[in-house]
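Input: a single structure, listed below in structure tokens.
What follows is calculated from the coordinates using simple rules that are stated; it is not laboratory data. The shown structure was predicted, so the numbers you read here are calculated from the model rather than taken from an experiment. For neighbour counting, all protein chains shown are included, and Cβ atoms are generated from backbone atoms with ideal geometry for every residue, glycine included.
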Amino acid sequence: MIQRFAPSPTGPLHLGHAFSALLAFRAARAARGTFLLRIEDIDQARSRPEWEAAIFDDLAWLGLSWPRPVMRQSDRLPVYRAALDRLSALGLLYPCRCRRRDIAAALAAPQEGAQGLRAGPDGPVYPGTCRGRPMAEAGPEDALRLDMGAALAHLGPARLARLAVLETGPAHGGRHPLSPAHLLEGVGDVVLARRDFGTSYHLAVVVDDAAQGVTHVTRGEDLFDASVLHLLLQALLELPHPVWHHHGLIRDAAGRRLAKRDDARALYRFRDEGASPADICRMVGLAA
Ligand code: GLU
């Protein structure tokens, strides 16, 4: 078993991160497997060395250990580029010049009424304005999107019918077959290369999990839809499929999920107030 914890160094780790990391670490230890830490810093504008140092510090304080050096996504842009080239050679990518406001305007237009605003893994499902633009036109102002219809046609019905998210978490355990209708309407033509990073979270995670031989992905249930997309990308890139464990989210007193901006639940705050690692375990519902 190879598990990983893959935070972005864009803010402090909070209780939700501690829960994910502890679950992954303990599962790996119980199976005499490996727990990896990966730094997801493709967003260089928001990533900070001090947050990365704080991640190492918080996790070591919690009692976690991992092999070094760690993989850092900012070192791997050529690898992501190669994966994009492969998808492009299959005819599955197109350049997109739409900005957020263009997409909102297209979705608000009356002819889009039936489709309307549907939330995909990265915000509203893209209405397809640039679909069909040739890759030869791609320039620095363009993002690259996956043509979901072409991707599904490339895999074909027989292959698609065999694809399923294998979930081991207690809440959603079992086999969740891929639904082409959901991929088209609920996921859509996602961005695989942002104009500012040259890749996207989805592409980088899939490529890196495979490169690191990750067999089990433990993360929050808010990423279930992303996992459906990751399964599809693994199939397109002929990469192995891990098993997933999507755990429940740690919420604040008002029931809202924690975000990095919610400094209130940051681990360093609890540490500063004198909490022990065992206290953190109890706070997230794990045995100390
Ligand atoms: N970098 C992502 C985050 O911090 C990781 C999600 C994942 O586990 O794939 O939310």
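Farthest towards the positive end of the charge dipole of the chain, among the residues P49, A105, L231, is the Cα of L231, using unit charges on the Cβ of Lys, Arg, Asp and Glu. Between the amide H of H14 and those of L267, distances stay under 5 Å, these residues lying 5 or more places away or on another chain, with hydrogens modeled in the peptide plane. Averaging 1/r across all pairs of distinct Cα atoms in segment 167-267 and inverting the result yields a Kirkwood radius of 15.3 Å. Remark on the chain: C98, C281 stand apart, with no other cysteine beta carbon under 4.7 Å. Each residue of segment 280-286 was assigned a 3J(HN,Hα) from its phi angle through the Karplus expression (A = 6.51, B = -1.76, C = 1.60, θ = phi - 60°), giving 4, 4, 4, 4, 9, x, 10 Hz with x at Gly and Pro. Over the chain, dividing the summed -39,500 (n - 2.57) contributions of all DSSP H runs of at least 4 residues by the number of residues returns a 222 nm mean residue ellipticity of -11000 deg cm²/dmol. List the trypsin sites (Lys or Arg not before Pro) in segment 1-48 that DSSP assigns to loop (not H, G, I, E or B) and whose Cβ has at most 14 other Cβ atoms within 10 Å. Which are they? When the trypsin sites (Lys or Arg not before Pro) of segment 1-48 are filtered for loop state and at most 14 Cβ neighbours within 10 Å, R32, R46 remain.
Using equal-weight Cα scatterers in the Debye expression, the normalised intensity of the chain in log10 at q = 0.06, 0.07 Å⁻¹ is -0.20, -0.28.
Annotation: the residues W244, W66, sorted from fewest to most other C-beta atoms within 10 Å of their own C-beta, follow the order W66, W244.
For the chain, set up a GNM with springs between Cα atoms under 10 Å and report which of A21, A226, A104 has the largest fluctuation. Evaluated over the chain, the most mobile residue of the options is A104.
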